[in-house]
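Enquirer: One structure coming up, written as structure tokens, with questions to follow.
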Number of protein chains: 2
Amino acid sequence: MILRSLRAAMAATASIAAVGGAVAIMAAPSAAQADEGMWTFDNFPIQTVNQKYGTRIDQAWLDRVRNASVRIQGCSASFVSDEGLILTNWHCVVGCVQELSDAQRDYVKNGFTAGTREEEVQCPGQTAEVLTEITDVTDRVIAAGEGLEGAAFNTARQAAVNQIQTEACAGDAKFNCQVISLYRGGQYSLHKFRKYDDVRLVFAPENQAAFFGGDPDNFNFPRYALDAGFLRAYEDGKPVESPNFLKWNPEAPSEGDVTFVSGNPGSTSRLLTMSQLERLRDQQLPIMLIQTSELRGRLLEYSLTGDEAKRTSFDPIFGLENSFKVYYGQQGALTDPAFMQAKREAEAELRTRVAADPNLKQQIGDPWTELEAVQGVARDLYLPYRQLEQAAGGGSQLYAMARAIVRSAGADEARRARLAATVGEETPISTDMEELRLRYWLSKTREYLTVDNPQVKAMLGRESPEALAGRLIDGTRMADADFRRQAAGMTLEQMKAADPLLAFVAANDEAAQAIAGRWAAEVNAPTARAAEKVAQARFAVYGTNQYPDATFSLRLSYGEVKGWTYRGVTVPPFTYIGGLYERATGSEPFNLAQAFADNEARVNKAVVYDFVSTNDIIGGNSGSPVINADGEVIGAAFDGNIHSLGGSFGYDGDLNRTVSVSTAAITEALRNVYPNPRILAELGVR
Amino acid sequence: MILRSLRAAMAATASIAAVGGAVAIMAAPSAAQADEGMWTFDNFPIQTVNQKYGTRIDQAWLDRVRNASVRIQGCSASFVSDEGLILTNWHCVVGCVQELSDAQRDYVKNGFTAGTREEEVQCPGQTAEVLTEITDVTDRVIAAGEGLEGAAFNTARQAAVNQIQTEACAGDAKFNCQVISLYRGGQYSLHKFRKYDDVRLVFAPENQAAFFGGDPDNFNFPRYALDAGFLRAYEDGKPVESPNFLKWNPEAPSEGDVTFVSGNPGSTSRLLTMSQLERLRDQQLPIMLIQTSELRGRLLEYSLTGDEAKRTSFDPIFGLENSFKVYYGQQGALTDPAFMQAKREAEAELRTRVAADPNLKQQIGDPWTELEAVQGVARDLYLPYRQLEQAAGGGSQLYAMARAIVRSAGADEARRARLAATVGEETPISTDMEELRLRYWLSKTREYLTVDNPQVKAMLGRESPEALAGRLIDGTRMADADFRRQAAGMTLEQMKAADPLLAFVAANDEAAQAIAGRWAAEVNAPTARAAEKVAQARFAVYGTNQYPDATFSLRLSYGEVKGWTYRGVTVPPFTYIGGLYERATGSEPFNLAQAFADNEARVNKAVVYDFVSTNDIIGGNSGSPVINADGEVIGAAFDGNIHSLGGSFGYDGDLNRTVSVSTAAITEALRNVYPNPRILAELGVR
């Protein structure tokens, strides 16, 4: 699944420092052939597309699509009716579905259908945002950091960004203003979003329908997954008006039809320098793969201990296995000798061309060598940064909330009130899994930083990771939403006295913030400065007709419905609902969803189920509408094929494919599997 | 712990094809400074050592040490009395200790002491071997493969090796004859061992004394581990006579004292070519690290489910975590830019010197390019080879025995009888862990080979990995030793009818053998041919005063008692028993062993506990005697420091250290912690 993790999405939107650390650089022009590119709406290659596909895209078409595109947490979506109905993926709403479930009502397993509008249930914390305005603010952002280094550079830029955002939204809570880094510092754009805070669940199929084939089929094709769900945006208790919705086309496309995908690709790193790629390959990805694998093993065994364990661990395991596959695919690209050789040659060419032009050389300097030096620092800092800050808590929700509360102790009242509202929301917590995650994190921290590391000693004292995790989770009151709300108003001293988990976080937070500060100042800041120079070099040498690397901001990609051929095997672009019944073995995760089994006789097996297209997308694009030349929605993108997993670093038009569930299949499901005449009518389907 | 896995040890001794796959090449002379080298006893640098350390080593000294050195499964050891008493590590006998334990008598946790000779208990399957004779058989082995390729090459060489071995031992069951590959095919040596099949457990301390600090302290120093155990070799029901034993010296050495380590380093790969190292780095080690981590996570969670789960999983988790750390250290070396650059330069130099000499060029050809081509094949075959053959069963004992039984169906009566005797031995089986390992293996096989792979489909049918693993383990009778003995006499058809696990293995064995055959013919055979050429090139360019890569055959290393300095921090060479009490936190794995807690007042805390020396060792050396200039034993090597983990690929005299438990500490423990006057008397200690 091309899901962008919530954690990463939040980090990217929270601060420019995080964006600075994402090291995205604009793509190489030599590679920008085929259907490559995640284009911004203000720089879409209209002419190229119209020529290649015979379409008549114009600015009005683009504006309509942009206004129908919706950004939700970690995912993409679109309005598909004028009453705020939103199409996205099932896997983008499953977090909400799981939160609304309990041992008695398991909507993940059984699906959720609101029979009436009144039965539509609010998803806690869920927002929906529509991009309304794009403004170039590059000069202002860059001017702010002029002449500064390290922490001072970060602070000055962050202040400028904050000011731009504050000015643009002018305190209007209906809007969200965000400065987006593009072309790896070559450009900064202010994105102004219309924001909806009340988003309700309308429909989600059974997990077994949406995620048929589970992890084994994830990132694979042929595929038989109804990975679709509906939400609805509300405001003042009423559905929002959404006149710019995408018209629902219940027919499947044909092979060769043009397809557009509008959504929020999370992060690509297609033109990292070689030294950056090598550090990723040699240090960061291996650690992520190894640690994810151990946690995966722990959670998988935990999930087998009982029905409730299985239920509560479903979504965490799904997310973890998805991330694992993404990292594995990324590592595959970086350990492919041919791929790395191509990267090496591209970098050598750019450096040669810069060196050959004295003026350009004067302007650019040698950011490649600077970035190489930064990698040495990053190698030294990465493990403590990861264990004490970036991955601290091992994914424990209680730890994450505790840290947010502890860190708010010195904040202004408005921010504290916002935090109190957020952490004060009811959310189901599995204390077993919380403890599992904490003991995993504590034991890995001791392992990677060593027993004799002062921070490790301070954390563990005389306790074992297992005993400490048990004591913190047994003793904490953080699972109680009311307590969390109270805690968000306490002084630091009160927090320490009130709760062992808050006390633990508070006692160790100085060390965590210290390493985070070093990472920001010694890695992010010099990376930002140098990568900006690399971006400028690329603009100078290759021109500006380029797309920026993905930064979880709205992009449009184009392509066509098309299969692929690999090692002599051709994979056709479509699957049909009938294929689901053939692939089903009866064993998880290849068992039929109950409703599909029950309704087999009624279902039209000839309907196209899922399809692939050449669109260039990545994690964060999940839920993106797939749009035809007429601006109608014909599917929801939910995955890439296995070859797309290297997409972080490059696009290969012969092999990379977007996987989507067709509106045809969703329509058929709403007719004969999960009959829902209300939604069908709203979609304008007979 | 520098334990060599039993599986690897058996593979290396079982067939020359396995040795051929181990790609060991003699070390570079430029690196053979400091105290580098795992020298064979017939090519020990006597003069170098005597000059450097002022010793008076001669052939008689070497013969004495060789005759006192004992090879046991996966480890090293030595005779320390004239009545067959054997010193080795606790972690080399813990497998036996665990087998002798049950829920009522937990010798792993509580330790084992035979108060009288009658209480010494046989370790199932344990053997002890003393190397008595070394004969060069290079010409005969190489001649056998002349002009052949692929499978034919393997077959011819294996036949020659078998014949040499059979002739040399002449059917005398008291001997074991083994052809050892040295210098990566530059030399073949026939090693003749005196073999003892009745080996009994004499003493093992509590696991918490031997393995204090557990995995977190493993491969680290300062260290406080009583990693020592005693066995005794018997023959005809009586202790064997061992006049060539090493005299026990109960005094600790001093800093700077010369130290010799005699033992069986398992495997090094110090002069793999760059293409071989890169495939290891990019494919094999990542997969091993990832899969080991997931299994580790599964076992760790399983171990927390109850006391019996904790008890039975202790040794498997210990072994797995030890392997993980070794792989992690190896990967660390291969992802160190400076290390790889040095390797690259060394290879370039050798190739340049070969190219500069027309005669040599004519003789050697270009094995480096040939090996590069082999890596492409290995990349394609590795995953199916690993999943279907090399790592099949995920470590399940029942699966391993079932496969051995199925594969014996066509063998001659003698081999079948030997197998029946082996598998017919009683051994405790944890069916929970067996099922865990099978479902882990089946699910990883599906993941890495994909759902649609024909072998995966054949294996799983319509079952999930979890259901299939459950059915096989629930249904199999293989946990019953009597049944296993019977099964080893059945026809293949009888096996299939008699047991679901045997039936499962039989049904899938053709595919496993097919991929194993391809690996042998397309990877091992051409690797052997090319690597032999590389070895010849090294002999020609750098001369013959070299040590061969480790192949779990007897070697002697020299060095001195010495700490090290890393990043400004100096680590002294000794720890003292008093330090144990200071490091103990009370929490696992830093809790005191009961006997150490109980006897704190009696123990002499000033006694040297563990010490480090510059000896060049690796996994398989565990249990090796550490010997002073006078040929007395002063310790048992049980580990390397963290810097030694890259030792597979190179030795760094500034940082690599051997970690040993002192005879002084063992003596003190036998006096005041686990009082054992009988053993002390036998060791000649007052």
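Enquirer: Any idea which of A:Val240, A:Val261 is within 20 Å of the chain's Cα centre (by Cα) and more than 10 Å from chain B (Cβ to nearest Cβ)?
Expert: A:Val261
Enquirer: Out of all the residues in segment A:284-292, is one or more within 30 Å of A:Gln536 (Cβ to Cβ) and either of a type outside the set (Lys, Arg) or in contact with a helix residue (DSSP H, G or I) (Cβ under 8 Å, 6 or more places away or on another chain) (or both)?
Expert: Yes, some residue in segment A:284-292 is within 30 Å of A:Gln536 (Cβ to Cβ) and either of a type outside the set (Lys, Arg) or in contact with a helix residue (DSSP H, G or I) (Cβ under 8 Å, 6 or more places away or on another chain) (or both).
Enquirer: Also: Quick one: which residue in B:Arg64, B:Arg71 is closer than 17 Å to B:Ile180 by Cβ, among the basic types (Lys, Arg) and either at pLDDT below 95 or surrounded by 15 or more Cβ atoms within 10 Å (Cβ to Cβ) (or both)?
Expert: Only one candidate passes the filter, namely B:Arg71.
Enquirer: For segment A:447-489, enumerate the residues that are in contact (Cβ under 8 Å) with a residue 12 or more places away in the chain, crowded, with 21+ Cβ neighbours inside 10 Å and not in a helix (DSSP H, G or I).
Expert: Scanning segment A:447-489 gives A:Thr476, A:Met478, A:Ala488.
Enquirer: I'd like the residue in segment A:289-318 that is more than 9 Å from every other protein chain (Cβ to nearest Cβ), in contact with a Gly (Cβ under 9 Å, 6 or more places away or on another chain) and open to solvent by 20 Å² or more (accessible area, probe 1.4 Å) and, out of all such residues, is nearest to A:Asp106 (Cα to Cα).
Expert: A:Asp315
Enquirer: Can you pull out the residues in segment B:335-356 that are touching a residue at least 40 places away in the same chain (Cβ under 8 Å) and of a type outside the set (A, V, I, L, M, F, W, C)?
Expert: B:Thr335, B:Asp336, B:Lys343, B:Arg344, B:Glu347, B:Arg353, listed by residue number.
Enquirer: Mind counting the residues in segment B:53-78 that are under 19 Å from B:Ile634 (Cβ atoms), in a helix (DSSP H, G or I) and not hydroxyl-bearing (Ser, Thr, Tyr)?
Expert: 7
Enquirer: Follow-up question, since we're still on this one. Being within 14 Å of chain A (Cβ to nearest Cβ) and free of Cβ contacts under 8 Å to residues at least 60 places away in the same chain is the filter here, so list the residues in segment B:585-609 that pass it.
Expert: B:Thr585, B:Gly586, B:Ser587
Enquirer: Is at least one residue of segment B:106-126 open to solvent by 10 Å² or more (accessible area, probe 1.4 Å) and under 30 Å from B:Ala160 (Cβ atoms)?
Expert: yes
Enquirer: Is it fair to say A:Thr335 is surrounded by fewer than 18 Cβ atoms within 10 Å (Cβ to Cβ), β-branched (Val, Ile, Thr) and either more than 8 Å from chain B (Cβ to nearest Cβ) or over 20 Å from A:Met1 (Cα atoms) (or both)?
Expert: For A:Thr335, the condition - surrounded by fewer than 18 Cβ atoms within 10 Å (Cβ to Cβ), β-branched (Val, Ile, Thr) and either more than 8 Å from chain B (Cβ to nearest Cβ) or over 20 Å from A:Met1 (Cα atoms) (or both) - is not met.
Enquirer: Only one of B:Pro250, B:Pro286 is more than 20 Å from B:Thr55 (Cβ to Cβ) and away from chain A (no Cβ under 14 Å). Can you tell me which?
Expert: Only one candidate qualifies: B:Pro250.
Enquirer: Looking only at segment A:589-618, which residues are open to solvent by less than 20 Å² (accessible area, probe 1.4 Å), part of a loop (DSSP other than H, G, I, E, B) and under 23 Å from B:Val451 (Cα atoms)?
Expert: Passing the criteria: A:Phe590, A:Ala593.
Enquirer: Collect the residues in segment B:422-446 that are surrounded by fewer than 18 Cβ atoms within 10 Å (Cβ to Cβ), in a helix (DSSP H, G or I) and touching a residue at least 60 places away in the same chain (Cβ under 8 Å), keeping them in residue-number order.
Expert: Scanning segment B:422-446 gives B:Thr422, B:Asp432.
Here is a yes/no grid of residues against (1) farther than 25 Å from B:Glu370 by Cα; (2) open to solvent by less than 40 Å² (accessible area, probe 1.4 Å); (3) among the basic types (Lys, Arg); (4) assigned to a helix (DSSP H, G or I):
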site: B:Thr135; (1), (2), (3), (4): yes, no, no, no
site: B:Asp139; (1), (2), (3), (4): no, no, no, yes
site: B:Leu148; (1), (2), (3), (4): no, no, no, no
site: B:Phe153; (1), (2), (3), (4): no, yes, no, yes
site: B:Arg157; (1), (2), (3), (4): no, yes, yes, yes
site: B:Asn162; (1), (2), (3), (4): yes, no, no, yes
site: B:Ala168; (1), (2), (3), (4): yes, yes, no, yes
site: B:Asp172; (1), (2), (3), (4): yes, no, no, no
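Enquirer: For segment A:249-278, how many residues meet the condition of being touching a Phe, Trp or Tyr at 6+ places or on another chain (Cβ under 6 Å) and assigned to a strand (DSSP E or B)?
Expert: The total comes to 2.
Enquirer: Tell me which of these A:Val130 doesn't satisfy, since it passes every other one: (1) outside any loop (DSSP other than H, G, I, E, B); (2) exposed (fewer than 15 other Cβ atoms within 10 Å of the Cβ).
Expert: Every condition holds for A:Val130 apart from (2).
Enquirer: Does segment B:211-234 contain any residue that is touching a strand residue (DSSP E or B) at 6+ places or on another chain (Cβ under 7 Å), within 14 Å of chain A (Cβ to nearest Cβ) and basic (Lys, Arg)?
Expert: Within segment B:211-234 (the criterion being touching a strand residue (DSSP E or B) at 6+ places or on another chain (Cβ under 7 Å), within 14 Å of chain A (Cβ to nearest Cβ) and basic (Lys, Arg)), the answer is yes, since at least one residue qualifies.
Enquirer: Could you figure out which of (1) of a type outside the set (Asp, Glu); (2) surrounded by fewer than 20 Cβ atoms within 10 Å (Cβ to Cβ); (3) under 27 Å from the mean Cα position of the chain (by Cα) isn't true of A:Ala535?
Expert: Single failed check for A:Ala535: (2).
The values are calculated or read from the model by the stated rules, or taken from the named source; none is laboratory data. Please read all numbers here as calculations on a predicted model, not as lab measurements. Heads up, the Cβs are rebuilt from the backbone with ideal geometry, glycines too, and the neighbour counts pull from every protein chain shown. The area values use the complete protein model at the heavy-atom level, side chains included, leaving out ligands, DNA and RNA. Shrake-Rupley method; radii C 1.70, N 1.55, O 1.52, S 1.80 Å.
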